[in-house]
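Undergrad: Submitted below is the structure of interest, expressed as structure tokens.
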Amino acid sequence: MAAASRERPGRQALLVLALVLGGAGLVVVSLLLLLGGGLLHTPVEIPFRTTFQVLLHQLSGGLLFPNPCAGSPASPARCGTDVFIVWQIYLPEILLALLVGAGLGLSGGALQGIFRNPLADPYLLGISSGGTLGAAAVYVYRVAPGNVDVLLPLCAFAGSAATGLAILAIASGRSVSMETLLLSGVAIAYLLSGILSLVLLQSPLGSEQVSFWLLGGFGLASWQIDAIVFGGVLVLGAPLALFGRELNLLQLGPDVARSAGLDAHRLRLVVLLLASLVTALGVAFAGIIGFVGLVSPHIVRRLLGTDYRLVVPCSAAVGAIFLLAANDAANLAFPATVLPVGIFTAFAGVPFFLLLLFRQRRTDLMGGG
Amino acid sequence: MTAAEGSAPALRLRQVSVVYGERRALQGVDLDVPVGEFLALAGPNGSGKSTLLRAALGFLPTSEGSVELFGTPVDRLSVRTRALRVAWVPQTEPLREDAPLLRYVLYGRYAHYGAFGRETEADTRLARTILEEVGLADRAGDGILSLSGGERQRATLARALSQRAPLLLLDEPTTHLDIGHQLDLLSRVRRLVREQRLTVVAALHDLNLAARFADRIVVLARGRRVADGRPADVLSTELLARVWGVDAELRRDGASGLPYLLPRLPRPFAGTVARGRVHVVAGGGSGEPVLRRLVAEGFDVSVGVVPLLDTDAAVAEELALPAALELPFAPIGAEALERLGALLARAEAVVVAPFAVGGGNLANLESLRPVVGRVPVLLLSHPAGQTWDYTGGAGASARAELLAGGAVEVAEPEALIAALRRRLGLGPAPGPGERNELDPQRAGGVEQGQEPRGVPVENNDR
């Protein structure tokens, strides 16, 4: 009964609306929190009012608040810096958090669908290890000359994507079961972290940078990067949300799905490919941020039921909101330091997740199936 | 489907062989299933029933041979077009997540709208109609995990039916159901075959269910087709012994005339030690305690003459004891006496249970006359104060005559066992545990129902 009662269409529509509005609200709140009242992680204070005016000025193409610095107590030069910080640094950071969170949510939801396993997450198959190895190669060996800010994401993406494709190659064998695939992924992850340890041992200096990068953050954010990630999530991630019906059918087992007309093998390959690439993109620009991809689909299932037509897209929304909130929390709790957001997804997410699980268990028991 | 395919059989297998590693799961199987037929696939575990269904679904690369669905080779159909021709009900659907029943049934519509399509109002209407057909209309909004076992299997049937495929394959659909739900499910399938001209191929463990519902039974053994035909022609005790290694009795249902098989149970304590052949003369349930006790002690027991339907006859059947039987309420006839004579001839001791003697069964006592001198005869005492002789004295005098001839009266089963052991030279009663130990030297042959396994099965394809 629990599942059925969660899936009343009216209730679902209401919750989806709440999710969208909540997300939009959070963006504004995040900006205000980050920029206002000395809560910054840099010693710059920007008044709420300026923040608002910058936003509205930019979003309206200059129609509203032609001069975002109007009414600002700061000098015009200082206000110019404020405008730059709001528009060129913080807003891109917020958007990157949203995009990466959405990508992780999408691939987490879809991977849990094809693995038919609620423990599946985007890093399950060693994609994160591959990315870390790529990043380590940049830090430790300085593999190529050039701007580290360009090279780092490139190599991290290459490492993650290569791992993802290797898994895909294993999965393309017709007779490979999902269990075999999962175990191969875990084995590859171990191998890669073995190689990583070896690499880091050779360069203690690089190891500090790598371990910081490992925990993730949005320091690289810029409008350019956001555009790349947005494009990637749109092209690679959004299609995952369209496989809801297929993923639903797959929950009956690959054989039943096949007998009902679904090519389960092809679906798996497509989902694995897309999810790996979206995750690799996130790893490339934001490092490794655990827990978002795992927990977002669970939150959606608790709220909206088990229909993958909703689980995957709504996981994107929940992942985005969750990651932004975690980033806000990281900034709020330790202002003026750059704390990796990965720490906060765990700190904030785990207790919430456990609470959700246990409450659900109890209401399922008491509510009567 | 083209016109030519319209007249083709729903399913056609030609010389299909399937190999799993070393094991040949199917060996050169030919099979035509005409449109509108309800075919039951029977056979022991591992005989290839499921493999045949999976081959029909196109799940297996067949090693040899061809599989056609309505005239088209199955491997030439895409996964989706295949689903429009054949639907499948597995033994149990592995449901990991809850979903409202209606949505679950709509999963079956997938092949009709394909990738990125949307189900329409018509799909939902169809799903509701099907839920009505399987008797779950009022559960449409409930989660599938909240359904009972019987309901869930009907839900799976509904999911498969919503595919609207003309061929339906069922793999042991009734295995986890109680008898009521088994009959219910198969009756519904039977009705669909009739009303919607569905073709059904169902792997069924239960031969009696198969005979009751199917138009035709195909029996597989070790990957070969060993029998094929109408239930009345296929079902035989010989088949059951040959294919399943089970001893059974063939009977006919009074109302429908359909055959059904009543398997005889292998004896309890399969490892009992044969301690001597004892014949028990009984009737009216008087023999039950002593029969069970003797079997438990490891004696090779026979019974008779007892009337059919009598408690003692039922016990004999349950324990799979050889018995001389007579029709209920009929005097013991020549045939039963002959059977009794045969059993007495092989007995090493005879036990007479305290049964009530009437004109009809007096012969039971009288036929012991020649036995008394030959083997020990032990008479169990009638309970004190109970009338047992309804023959006006003939019974009592027959009993007295036996006692005079050397028969011994014992008071109760415990004393009887002791006396038997003594008379048959078996020594003192066995200690606990010994009773079940297997002693092939003394076991006196293999238990019925176990021996014929492994006998090569011939391929009597017609």
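Undergrad: Taking the condition out of contact with any His (no Cβ under 8 Å at 6 or more places or on another chain), assigned to a loop (DSSP other than H, G, I, E, B) and not basic (Lys, Arg), does A:ASP82 pass?
TA: So A:ASP82 does not fit the description; no.
Undergrad: Considering only residues that are assigned to a strand (DSSP E or B) and β-branched (Val, Ile, Thr), look in region B:19-77 and name the one that is farthest from the chain's Cα centre (by Cα).
TA: Step by step, filter region B:19-77, then rank; the result is B:THR72.
Undergrad: Please count how many residues of region A:169-206 are closer than 19 Å to A:ALA264 by Cα and buried (at least 19 other Cβ atoms within 10 Å of the Cβ).
TA: Result for region A:169-206: 2.
Undergrad: Just give me the residues in region B:224-252 being charged (D, E, K, R) and not in a strand (DSSP E or B), in sequence order.
TA: Result: B:ARG230, B:ASP233, B:GLU238, B:ARG242, B:ASP247.
Undergrad: Identify, from the list B:THR92, B:THR129, the residue that is of a type in the set (S, T, N, Q), modelled with pLDDT under 85 and closer than 18 Å to B:ARG154 by Cβ.
TA: So the residue among B:THR92, B:THR129 that is of a type in the set (S, T, N, Q), modelled with pLDDT under 85 and closer than 18 Å to B:ARG154 by Cβ is B:THR92.
Undergrad: Follow-up. Would you mind finding the one in B:LEU321, B:LEU365 that is touching a residue at least 24 places away in the same chain (Cβ under 8 Å) and outside any loop (DSSP other than H, G, I, E, B)?
TA: Selected residue: B:LEU365, the only one of B:LEU321, B:LEU365 that is touching a residue at least 24 places away in the same chain (Cβ under 8 Å) and outside any loop (DSSP other than H, G, I, E, B).
Undergrad: Let me ask something additional. Scan region B:355-366 for residues that are closer than 19 Å to B:GLY405 by Cα and surrounded by 18 or more Cβ atoms within 10 Å (Cβ to Cβ) and jot them down.
TA: Across region B:355-366, the qualifying residues are B:LEU362, B:ALA363, B:ASN364, B:LEU365.
Undergrad: Considering only residues that are in contact with a Lys or Arg (Cβ under 7 Å, 6 or more places away or on another chain) and part of a loop (DSSP other than H, G, I, E, B), look in region B:273-295 and name the one that is modelled with the highest pLDDT.
TA: B:ALA274
Undergrad: With the condition kept exactly as written, say whether any residue in region A:182-200 is within 17 Å of A:LEU236 (Cβ to Cβ) and of a type in the set (A, V, I, L, M, F, W, C).
TA: Within region A:182-200 (the criterion being within 17 Å of A:LEU236 (Cβ to Cβ) and of a type in the set (A, V, I, L, M, F, W, C)), the answer is no, since none of the residues qualifies.
Undergrad: Follow-up question, since we're still on this one. What residue, of A:SER197, A:SER222, A:SER211, is free of Cβ contacts under 8 Å to residues at least 12 places away in the same chain and under 25 Å from A:PHE322 (Cβ atoms)?
TA: Just a single option satisfies the conditions, and that option is A:SER211.
Rundown of residues vs (1) touching a strand residue (DSSP E or B) at 6+ places or on another chain (Cβ under 7 Å); (2) within 13 Å of chain A (Cβ to nearest Cβ); (3) basic (Lys, Arg), yes/no style:
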{"site": "B:ALA111", "(1), (2), (3)": "no, yes, no"}
{"site": "B:ILE130", "(1), (2), (3)": "no, no, no"}
{"site": "B:ILE144", "(1), (2), (3)": "no, yes, no"}
{"site": "B:ALA160", "(1), (2), (3)": "yes, yes, no"}
{"site": "B:ARG164", "(1), (2), (3)": "no, yes, yes"}
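Undergrad: State all residues of region A:256-273 that are within 8 Å of chain B (Cβ to nearest Cβ) and either among the charged types (D, E, K, R) or within 17 Å of the chain's Cα centre (by Cα) (or both); if no residue qualifies, say none.
TA: Selection gives A:ARG258, A:ASP263.
Undergrad: Criterion first (at pLDDT 90 or above, within 12 Å of chain A (Cβ to nearest Cβ), over 34 Å from the mean Cα position of the chain (by Cα) and over 16 Å from A:ASP307 (Cα atoms)) does B:THR81 satisfy it?
TA: yes
Undergrad: Among the numbered criteria (1) within 14 Å of another protein chain (Cβ to nearest Cβ); (2) assigned to a loop (DSSP other than H, G, I, E, B), which single criterion is violated by A:GLY219?
TA: Checking A:GLY219 against (1) within 14 Å of another protein chain (Cβ to nearest Cβ); (2) assigned to a loop (DSSP other than H, G, I, E, B), the one that fails is (1).
Undergrad: Please specify each residue of region B:403-424 satisfying the condition of being among the charged types (D, E, K, R) and either modelled with pLDDT of 85 or more or part of a helix (DSSP H, G or I) (or both).
TA: Residues satisfying the conditions are B:GLU409, B:GLU414, B:ARG421, B:ARG422, B:ARG423.
Undergrad: Could we say that A:LEU332 is touching a residue at least 40 places away in the same chain (Cβ under 8 Å), surrounded by fewer than 24 Cβ atoms within 10 Å (Cβ to Cβ), within 14 Å of chain B (Cβ to nearest Cβ) and not charged (D, E, K, R) here?
TA: Taking the combined requirement at face value, the residue does not satisfy it.
Undergrad: Can you confirm whether B:GLU93 is in contact (Cβ under 8 Å) with a residue 12 or more places away in the chain, within 34 Å of the chain's Cα centre (by Cα) and facing chain A (nearest Cβ under 10 Å)?
TA: Criteria met by B:GLU93.
Undergrad: Among B:LEU136, B:LEU168, which is buried (at least 21 other Cβ atoms within 10 Å of the Cβ) and free of Cβ contacts under 8 Å to residues at least 40 places away in the same chain?
TA: After ruling out the rest, the residue left standing is B:LEU136.
Undergrad: Sticking with this structure for a sec: Across region B:113-128, which residue is farthest from B:GLN163 (Cα to Cα) among those that are of a type in the set (A, V, I, L, M, F, W, C) and either within 11 Å of another protein chain (Cβ to nearest Cβ) or surrounded by 14 or more Cβ atoms within 10 Å (Cβ to Cβ) (or both)?
TA: Initially, region B:113-128 is screened for residues of a type in the set (A, V, I, L, M, F, W, C), giving B:115-116, B:122, B:126-127.
Filter once more, so that each one left must be either within 11 Å of another protein chain (Cβ to nearest Cβ) or surrounded by 14 or more Cβ atoms within 10 Å (Cβ to Cβ) (or both): B:115-116, B:126-127.
Numbers: B:ALA115: 15, B:PHE116: 17, B:LEU126: 10, B:ALA127: 10 Å.
Among residues in region B:113-128 that are of a type in the set (A, V, I, L, M, F, W, C) and either within 11 Å of another protein chain (Cβ to nearest Cβ) or surrounded by 14 or more Cβ atoms within 10 Å (Cβ to Cβ) (or both), the one farthest from B:GLN163 (Cα to Cα) is B:PHE116.
Undergrad: Consider only pairs whose beta carbons are under 7 Å apart and that are at least six residues apart or on different chains; among these, list those whose first residue lies in region B:49-75 and is away from chain A (no Cβ under 14 Å) and whose second residue is charged (D, E, K, R).
TA: Listed by first residue and then by second, the contacts come to B:GLY65/B:ARG14; B:SER66/B:ARG14; B:GLU68/B:ARG12; B:PHE70/B:GLU5; B:PHE70/B:ARG85; B:GLY71/B:GLU5; B:THR72/B:GLU5.
Undergrad: Let me ask something else about it. From the list A:LEU269, A:LEU281, A:LEU274, which one is within 13 Å of A:ILE114 (Cα to Cα), touching a Gly at 6+ places or on another chain (Cβ under 8 Å) and touching a residue at least 40 places away in the same chain (Cβ under 8 Å)? Let's see the steps before the verdict.
TA: On the way: A:LEU269 fails: touching a Gly at 6+ places or on another chain (Cβ under 8 Å); A:LEU281 fails: within 13 Å of A:ILE114 (Cα to Cα).
Within the list A:LEU269, A:LEU281, A:LEU274, the selection yields A:LEU274.
Residues checked against (1) surrounded by 24 or more Cβ atoms within 10 Å (Cβ to Cβ); (2) at pLDDT 90 or above; (3) over 14 Å from the mean Cα position of the chain (by Cα):
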position	(1), (2), (3)
A:LEU236	no, yes, no
A:LEU247	yes, yes, yes
A:PRO254	no, no, yes
A:ALA275	yes, yes, no
A:ALA284	yes, no, no
A:GLY290	no, no, no
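Undergrad: (1) in contact (Cβ under 8 Å) with a residue 60 or more places away in the chain; (2) under 28 Å from A:ALA264 (Cβ atoms); (3) touching a helix residue (DSSP H, G or I) at 6+ places or on another chain (Cβ under 8 Å): which one isn't true of A:ALA166, the others all being true?
TA: For A:ALA166, the failing item is (1).
The values are calculated or read from the model by the stated rules, or taken from the named source; none is laboratory data. Please read these numbers as outputs of a predicted model, since none were measured by experiment. Note: ideal-geometry Cβ built from the backbone for every residue, glycine included; neighbour counts use all protein chains shown.
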